[in-house]
Amino acid sequence: MTLAPVAADPADVVELDLFLEALHRRWHYDFRSYSRASLVRRADLARQRLGCASLSELQGRILRDESVLPDVIDAMTVQVSELFRDPTYYLALRREVIPHLRTFPSLKVWVAGCADGEELYSLAILFREEGLLDRTLFYATDLNRRALARAEAGVYPIDRLPVFSQNYQRAGGAGTLADHYTAAYGRVAFDRRLRERTVFTEHNLAADQVFSEVHLVSCRNVLIYFDASLQDRALGLFAEGLARGGFLGLGSHETLRFSTHARHFAAFDEPGRIWRRTASPEDAHA
Ligand SMILES: C[S@@+](CC[C@H](N)C(=O)[O-])C[C@H]1O[C@@H](n2cnc3c(N)ncnc32)[C@H](O)[C@@H]1O
């Protein structure tokens with residue numbers, strides 16, 4: 001695989017390639033098809049956090065010292081999120097998608113790239129308010145194990161509450177956000193019943209396969225970090241995993257329009273960035 005060089009200095013390009021190669025060959029974390037500009041920044045952040053003078057020094061450490069891996073993966077991935085981030089998306093889910101999901105006797109939802117869990121709790125709150133939580137199984141996946149542990153804990157600093165509450169209202173919240181958490185000692189802890197039917201598990205969109213048929217895939221603000229080929233791979237997994245008539249929600253700057261898998265989907269709610277899995281001609285022959 002060749003990586004497009006965008007860094008000015010050819011030595012930096014080779015150094016970054018070798019670092020990514022080492023991470024992949026030694027630990028099977030494959031960042032080689034991530035968008036290059038963000039990779040340069042993330043790798044440099046990892047270098048700084050580990051106190052290394054160069055990426056080559058960091059490469060030497062990751063080859064032999066597994067204990068630095070969680071810090072490196074944390075630095076290489078971006079966990080920025082909010083509860084009900086982009087309320088338009090959740091409003092569209094509530095108004096347009098939920099009426100269709102309601103017709104299924106049981107539901108499975110895949111939150112791919114769940115980071116610290118904000119997207120999962122947003123969906124769980126929405127499903128609870130719409131009376132669907134008890135018949136839904138959620139899969140919350142990410143390649144970052146530390147993020148998964150934070151997602152499972154469901155505890156956030158209390159100073160994030162004003163944004164969370166504002167987003168919840170804008171997303172058409174049916175009650176008050178306080179119905180779903182308890183606040184103490186500067187933190188908010190989401191109701192554990194929201195995650196009772198959630199499987200938190202490691203899954204890498206760059207390397208792993210589909211694990212279940214689902215009715216909704218919510219994969220927001222993950223594809224933006226991928227190059228076109230990796231975006232295509234991930235969208236292929238979603239096309240394969242979604243039941244016919246199931247829904248795919250992407251981030252506000254993401255699209256599947258240019259993907260080879262676009263033929264498996266129909267636009268469903270454009271402002272909300274939601275697509276619907278169609279039955280394509282090749283499905284009929286599968
Ligand atoms: C910016 S966060 C998105 C959080 C949430 N989905 C949202 O929209 O608010 C991106 C997440 O994608 C995860 N991620 C990046 N590459 C991934 C991959 N190849 N497979 C699975 N998750 C990945 C990162 O670890 C990070 O937690």
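The values are calculated or read from the model by the stated rules, or taken from the named source; none is laboratory data. These figures come from a predicted structure and were not determined experimentally. Glycine also receives a Cβ, built like all others from the backbone with ideal geometry; neighbour counts cover every protein chain displayed. The protein model used for the area step is the full one, side chains on, heavy atoms only, and it has no ligands, DNA or RNA in it. Shrake-Rupley method; radii C 1.70, N 1.55, O 1.52, S 1.80 Å.
A few comments on the model shown:
- Selected from VAL217, VAL72, VAL163 as most flexible by GNM, with the chain as the system and alpha-carbon contacts under 10 Å: VAL163
- Bridge type composition, the chain - antiparallel percent by DSSP, nearest 5: 45 percent
- Cβ-based charge dipole, the chain, positive-most Cα from LEU91, VAL217, ALA115: LEU91
- Given R0 = 22 Å, the distance between the Cβ atoms of ALA174 and HIS100 translates into a calculated FRET efficiency of 0.75.
- Simple spin-label estimate for SER56 and ALA153 in nanometres, 7 Å along Cα-Cβ: 3.8 nm
- Cα-based convex hull volume of the stretch 10-76 per residue, rounded to whole Å³: 73 Å³
- Note on the chain: helix-only mean residue ellipticity at 222 nm, from DSSP H runs of 4+ residues weighted -39500 (n - 2.57) and normalised by residue number, equals -11500 deg cm²/dmol.
- Point-charge dipole on Cβ atoms (K/R +1, D/E -1) for the stretch 62-158, about Cα centre, debye to 20: 380 debye
- Sulfur and carbon atoms: percent of accessible area, the stretch 10-76 [1.4 Å]: 50 percent
- Candidates TRP110, TRP275, TRP27, ranked by Gaussian network fluctuation over the chain, Cα under 10 Å, top entry: TRP27
- Model label points for SER212 and ARG193, set 7 angstrom from Cα along the Cα-to-Cβ axis, are 2.1 nm apart.
- Accessible-area composition of the stretch 87-285, carbon plus sulfur, in percent [1.4 Å probe]: 51 percent
- At R0 = 45 Å, FRET efficiency that the Cβ-Cβ distance of HIS253 and ARG64 yields, to 0.05: 0.70
- Whole-Hz Karplus values for the stretch 133-150 come out as 4, 5, 10, 10, 10, 9, 10, 10, 10, 6, 8, 8, 5, 5, 4, 4, 5, 5 Hz, taken residue by residue from phi with 6.51 cos²θ - 1.76 cosθ + 1.60 and θ = phi - 60°; glycine and proline positions read x.
- Per residue solvent-accessible surface (Å²) - the chain, probe of 1.4 Å: 47 Å²
- Here the chain is assigned +1 on the Cβ of each Lys and Arg and -1 on the Cβ of each Asp and Glu. Its dipole about the Cα centre then comes out at about 560 debye.
- Distance cut-off 27 Å, percentage of C-alpha pairs in the chain lying past it: 43 percent
- ASP71-ALA11 FRET efficiency (beta carbon distance; Förster radius 25 Å; 0.05 resolution): 0.50
- Per residue, the convex hull around the alpha carbon atoms of the stretch 81-215 comes to 102 Å³.
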